[in-house]
Amino acid sequence: MKYEELEENMDQNLVHVRYNVEIEGPAIKPEDDEDVVSILPTKEPFKSIALAVLYENRDASLENVQKALNDDISPIEIINDGLMKGMDAVNVLYTKGFYFLPDLMLAGDGMMEGVKECEKVLGHKSETKGTAVSFVAEGDPHDIGKNLVVMFLRAGGYEAIDMGRDVPTTEVVKAVKEYKPILLTGTALMTTTMTVFPKVVAALQKEGLEVPAIGCGGGAVRKDFVESFPMSVYGVEAYHAPRLADAIVKDHKNWKDLRKEYSSIVGEFVSEYS
């Protein structure tokens, strides 16, 4: 029987359709998530500043920061207790899968605009936990991963030197000499460019240079490859970067420690390190 004939002879009263729908309850506001609640400040003007970042509102973030500065609130407090808390909340929602890449980028823009405004009052860059250098492997034009790493490091309180994409190995070595980073991060999307990482390590060793850890990641990169040469750690997620940096700065961990304790350091189960 053809479909048209079947449809014509079908008694719609005998057709039953059943949908299995899981009722999750009403949607909640981002600031009502239980993990976000534990992060966000409750005092003004820090609460409004943090919420502007959480809601990815660059204009409101800048306006709230300017108002707080006009009220003689310390720029350092605004950064640490307002802007950074807002970005911490954004990171939590991203980790949980509620926020996505565009949310991160927009929230990061709002946070950085506020930080720049505070730095104008300070007259210098705000104090950071340490310096990291980030690059995309030579020959590779793909920089989304690197951009995320840089954003997370800056949101985590680090001075992140962004070297851009397709960075020659010689330039990476120069940057290590100049900035003496606590963490060097490299990304590669292609199998043909990920081979740059061991060359970077060899070039550093030739110059007698050592970095506490080189975080290597990207679409083509795998843990077994990264662990085939020294100084390197396989970076699974971009948002892990500041947690690894914290372990280096606060707990004096090196690349060997990060390999062994990766999951405990980033605070979550990581299948690649199970």
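The values are calculated or read from the model by the stated rules, or taken from the named source; none is laboratory data. Remember, predicted model here, so these are calculated numbers, not experimental data. For neighbour counting, all protein chains shown are included, and Cβ atoms are generated from backbone atoms with ideal geometry for every residue, glycine included.
Here are the numbers for the structure shown:
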read-out: Close pairs (6 angstrom Cβ cut-off, 6 or more residues apart or separate chains): over 11 Å from Arg222 (Cα atoms) in the stretch 180-195, polar (S, T, N, Q) and part of a strand (DSSP E or B) anywhere; value: Pro181/Thr131; Thr185/Ser134
read-out: Scope the stretch 171-199; condition in a strand (DSSP E or B) and of a type in the set (S, T, N, Q); matching residues; value: Thr185, Thr187
read-out: Identity of the residue in the stretch 45-93, touching a helix residue (DSSP H, G or I) at 6+ places or on another chain (Cβ under 6 Å) and among the hydroxyl-bearing types (Ser, Thr, Tyr), that ends up farthest from Met151 (Cα to Cα); value: Ser48
read-out: Residues (more than 17 Å from Phe152 (Cβ to Cβ), aliphatic (A, V, I, L, M) and modelled with pLDDT of 90 or more) located in the stretch 75-127; value: Ile78
read-out: Test: Ala247 is without any contact (Cβ under 8 Å) to a residue 24 or more places away in the chain, assigned to a helix (DSSP H, G or I) and within 18 Å of Val133 (Cβ to Cβ); value: yes
read-out: Single residue of the stretch 200-220 satisfying the filter (in contact with a strand residue (DSSP E or B) (Cβ under 7 Å, 6 or more places away or on another chain) and in a loop (DSSP other than H, G, I, E, B)) that is nearest to Lys180 (Cα to Cα); value: Val211
read-out: 3 or more residues outside the structural domain of Glu210 (by TED's automatic domain parsing) and surrounded by fewer than 16 Cβ atoms within 10 Å (Cβ to Cβ): qualifying helices (runs of 4 or more DSSP H) within the stretch 57-137; value: 58-70, 101-122
read-out: The stretch 191-218, residues that are of a type in the set (S, T, N, Q) and buried (at least 22 other Cβ atoms within 10 Å of the Cβ); value: Thr193
read-out: Failed item in (1) of a type in the set (D, E, K, R); (2) in contact with a Lys or Arg (Cβ under 9 Å, 6 or more places away or on another chain); (3) modelled with pLDDT of 95 or more, with Lys199 passing the rest; value: (2)
read-out: Any hit, the stretch 158-167, residues being without any contact (Cβ under 8 Å) to a residue 60 or more places away in the chain, within 17 Å of His240 (Cα to Cα), surrounded by 20 or more Cβ atoms within 10 Å (Cβ to Cβ) and in the same structural domain as Val249 (by TED's automatic domain parsing); value: yes
read-out: Qualifying residue in the stretch 155-167 (condition: outside any helix (DSSP H, G or I), closer than 14 Å to Val221 by Cβ and either of a type in the set (Gly, Ala, Ser) or modelled with pLDDT of 95 or more (or both)); value: no
read-out: Lys260 being closer than 19 Å to Ser134 by Cα and surrounded by fewer than 22 Cβ atoms within 10 Å (Cβ to Cβ); value: no
